[in-house]
Each structure stands twice: as C-alpha cells, then as structure tokens.
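A short reminder: the numbers here are calculations on the coordinates, not readings from a lab. Worth saying up front: this structure is predicted, and the values here are computed from it rather than measured.
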Amino acid sequence: MAKKKENKEVPETMEQPQEDQPTVIENVVDTVSSAASGVVEATASVVEGAVSALGLTKETATEGKTAAGRRAQKVGTVSSDKMTKTVVVSVDRQVMHPKYRRYVRRTTKFMAHDEMTAGIGDKVRIEETRPMSARKRWRVIEIIQKAAK
C-alpha cells in the first residue's frame with residue numbers, strides 16, 4: 001500500500017520579513033551610501049588644503065584658470081639689449097659630467113620680451129609665456145639687480 005504524503009506547513013522562521021525590519025539589500029545600500037559620502041567629504045577637504053597651499057582663491061581654482069606661479073622661471077644676466085623691447089638673457093646652470101663626475105657650467109641664451117628696459121649686465125628673472133615671435137618665448141618679470149656702471 002502506498003503511503004499518503006502529509007502536507008507540511010512552512011515553519012515560522014521561513015516566513016517573509018516584516019515590514020518594519022530592513023532587508024539585507026537596504027542594509028548594504030545604507031552602508032555603501034554612508035561610505036561614499038565619507039569619501040566625498042575627505043576628497044573635498046584634501047582639495048581645499050591643496051588650494052590653500054598653492055595660495056589660490058576658490059574662484060580661480062574652480063574656474064580652471066592656470067595660475068601664473070606655475071610657469072617656469074629662470075634667473076640670468078642680460079647679455080644683449082640691442083633689439084627693441086627684447087633682451088637676450090644668459091642663464092648659467094651646473095651639470096655633473098657623466099664620465100668625470102665633476103660639475104660643468106652650461107650656459108643657455110633666451111630671448112625675452114622686456115617692458116622694463118633692462119640693460120646689459122642686469123640680473124633679471126624671466127618667465128615662460130606664449131610665443132611672441134619665432135624665437136621669443138620668455139618675458140622679463142623683474143629686475144633683481146642693476147649692473148654696476
């Protein structure tokens with residue numbers, strides 16, 4: 001004889017979660033959203049610190065303008081001032097020789113736009129700028145020391 005199967009009821013532990021208890025998915029969503037907001041706050045504080053360290057205002061940092069302080073600057077002496085509003089600046093630097101391990105002086109000449117009328121022998125600071133002519137890509141931003149006459 002065949003046995004009859006009895007209908008078993010679902011125990012109380014297997015029932016659907018009640019409406020007032022959060023589900024696992026809701027717990028995960030809450031955890032991820034709180035972690036994301038923490039990351040956003042930390043990033044904002046790092047950006048504010050970097051802006052203040054560079055000396056920028058919030059307006060210039062958010063507008064995307066490049067600060068003039070990031071351009072390359074060099075200090076050299078004026079070797080020629082015969083052109084109109086242009087000077088030739090000689091910049092000396094010391095480089096270690098690859099074979100002899102001694103410092104060797106290297107000189108580079110830059111043509112710079114000069115609104116300050118620097119003379120021969122003046123020590124000047126030049127700053128990189130947009131191309132003004134075929135060979136002129138620097139400008140004099142300050143005269144550090146006048147030449148002795």
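Quick check: the distance between the Cα centres of segment 93-107 and segment 131-149, to the nearest angstrom?
First find each Cα centre; the distance between them is then 26 Å.
List, in order, the whole-Hz ³J(HN,Hα) value for each residue of segment 96-106 obtained from phi through the Karplus relation with A = 6.51, B = -1.76, C = 1.60 and θ = phi - 60°; use x for Gly and Pro.
6, 5, x, 9, 8, 6, 10, 7, 10, 7, 10
Hey, which of these cross-link pairs are over 29 Å Cα-Cα: Lys109/Lys146; Lys99/Lys136; Lys74/Lys99?
From Lys109/Lys146; Lys99/Lys136; Lys74/Lys99, over 29 Å: Lys99/Lys136.
Based on the alpha-carbon gyration tensor of segment 70-116 and its eigenvalue square roots a ≥ b ≥ c, which shape applies: rounded if a/c is under 1.5, prolate if not and a/b is larger than b/c, or oblate?
Prolate shape, in that a/c is at least 1.5 and a/b is the bigger ratio.
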